[in-house]
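Read the structure below first, then the notes.
The values are calculated or read from the model by the stated rules, or taken from the named source; none is laboratory data. Only a predicted model underlies this, so the values are computations on that prediction, with no experimental measurement involved. No Cβ is skipped: glycine too gets one built from the backbone with ideal geometry, and neighbour counts run over all protein chains shown. We work out accessible area using only protein heavy atoms, side chains counted, and drop any ligands, DNA or RNA first. Shrake-Rupley method; radii C 1.70, N 1.55, O 1.52, S 1.80 Å.
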Amino acid sequence: RELTQPFVDLVKAPRALWGVNAVYLLEGLTYFGIVGLLGLFLNEYVGLGDIPAGHLLGYLTAGITIAMLLLGATVDAVGVRKALLIALGFILVGRIVLTLAPTLGAGAGVWSDSYVFAVIGITGVIVGYGIYQPASYAAVKRFTDKKTSAMGFAALYALMNLGGFLPGLVSPPIRKAYGIVGVYWVFVGITVLAMAIVAVVITKRAVKEATITDEGDDDEKPETDAPLGERLAEYFRKMPLRDARFMFFIFALIPVQTLFAHNWLTLPQYCSRAFTGVVAENFEFFVNFNPLLIFVLTPVVAAATAKKDTYRMMIYGTFVMASPTFLLALGPSVTSLFAYLVIMTVGEAMWQPRFLQWVAEIAPRGMTGVYMGVGQFPWFLTKVVASLYSGWFLTRYCPADTPPSAMNTETMWLIYGAIAMASPVMLVLAMKWMKDGLERKGEETDAASND
């Protein structure tokens, strides 16, 4: 019953939450579908080489993280529904401009008209996602209670990963018939569908009926007679950058998050170079195995651990995720590779959705969006830092055009495992300090609610 009841509670969730989930699935499909083809699109239609195309890809992925840091407070200011519509509006315009870039501008290459329009389109998507993701997280917090919160965030995370898997099924037949531009126009249409779901399903009435945790509403903002200056001072006093425990927590996760980055920075080269036969010939399967596993495992793990303490689940999850890296330190083996992928994914399913839940729990009333935005900043740093040293490690321990027997991948993964294991160690050492802070926040929130 403990395993099945969270699924029952999720099925009975209000329609506004199901609307958020449906839009998140569609956006996962379109985002990962566009990003997966963007390098080829910029090469084929805008005339860029691999290096400038890679730079624009980095601008998109890193830009979204920075935009969340800067724009996450939007949802706190305008409410969930308006924030979702504004975000999807920016995303829609950005995707249209990006798709039209080769025809809107003349010439090819860097700083050509088509390049400029592509940058403008990508910028629109960045701005939209800077609002969209914090708004989605804030919506889950508002529409769930203590009994359904863990499952709500797990479902959102699982759907994101399902979205990352679906382009492999949806995109190829369209691309073969109509080219990459044809695929992009289909994704523009799906974005319009997502906006329609927000407008029709996540209505003001549905939001009001679904709201469990009061984070402010589109029509009902918290009333206060305090002058604007005092309200702004109070807002900045509650900013997460001033919360030492929060900042320690999110930065302590950087070591284990490097394993996420190595899924595309290291794992493709490792599978194709250190193995022979079926693994080397089909390395894409192993590289993309994680999102499919996450979709299957996350709801199950969340249901099995829904009553467990959130912070302790962060410790257990980061430890489980980091530990199988040492299996790869035993040397290239299909068995150890599969074990690594499965155990690492179980660990990810244990802690990553609970991270979203934990950030939502400690955020002061009316600050969920900005806390979610700032919470993503270390992920930006992780992508940057891991990319700085991963190439050196590959060159030294897993070089191209070298027989697998002459490589030393064992040392590479041993070092990566030690780096990842630093996260659970830091979380354990800081547990009493962190728990004391969370309890005080809970007391302050209860007092504010009573007032």
> Which of the residues that make up region 394-427 are hydrophobic (A, V, I, L, M, F, W, C) and farther than 20 Å from V320 by Cα?
Replying inline: L394, C398, A400, A406, M407
> Here are some conditions: (1) modelled with pLDDT under 90; (2) in a helix (DSSP H, G or I); (3) open to solvent by 40 Å² or more (accessible area, probe 1.4 Å). R365 meets all but one. Which one does it not meet?
Replying inline: (2)
> Got a sec? Which helices (runs of 4 or more DSSP H) wholly within region 218-269 have at least 1 residues that are at pLDDT below 65?
Replying inline: 228-237
> So, of the residues in region 381-404 that are closer than 25 Å to S136 by Cβ and of a type in the set (V, I, T), which turns out to be most open to solvent (accessible area, probe 1.4 Å)?
Replying inline: V384
>> Tell me the residue from V140, V119, V125 that is assigned to a helix (DSSP H, G or I) and more than 21 Å from I34 (Cβ to Cβ), please.
In response: V140
> Do we find a residue being in a loop (DSSP other than H, G, I, E, B) and either open to solvent by less than 10 Å² (accessible area, probe 1.4 Å) or not small (G, A, S) (or both) anywhere in region 370-380?
Replying inline: yes
> Picking from L356, L341, which residue would you name as being at pLDDT 90 or above and open to solvent by less than 10 Å² (accessible area, probe 1.4 Å)?
Replying inline: L341
>> So, in region 254-287, exactly how many residues are buried (at least 16 other Cβ atoms within 10 Å of the Cβ) and closer than 20 Å to P399 by Cα?
In response: 19
>> Residues to consider are W413, W351; find the one that is buried (at least 24 other Cβ atoms within 10 Å of the Cβ) and more than 30 Å from S136 (Cβ to Cβ).
In response: W413
> Restricted to region 50-89, and to residues that are modelled with pLDDT of 90 or more and buried (at least 22 other Cβ atoms within 10 Å of the Cβ), which residue is nearest to V201 (Cα to Cα)?
Replying inline: R81
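Taking the condition of being among the β-branched types (V, I, T) and without any contact (Cβ under 8 Å) to a residue 24 or more places away in the chain, how many residues in region 337-358 meet it?
1
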>> Given the criteria within 28 Å of A62 (Cα to Cα) and either among the aromatic types (F, W, Y) or surrounded by fewer than 15 Cβ atoms within 10 Å (Cβ to Cβ) (or both), does W433 qualify?
In response: no
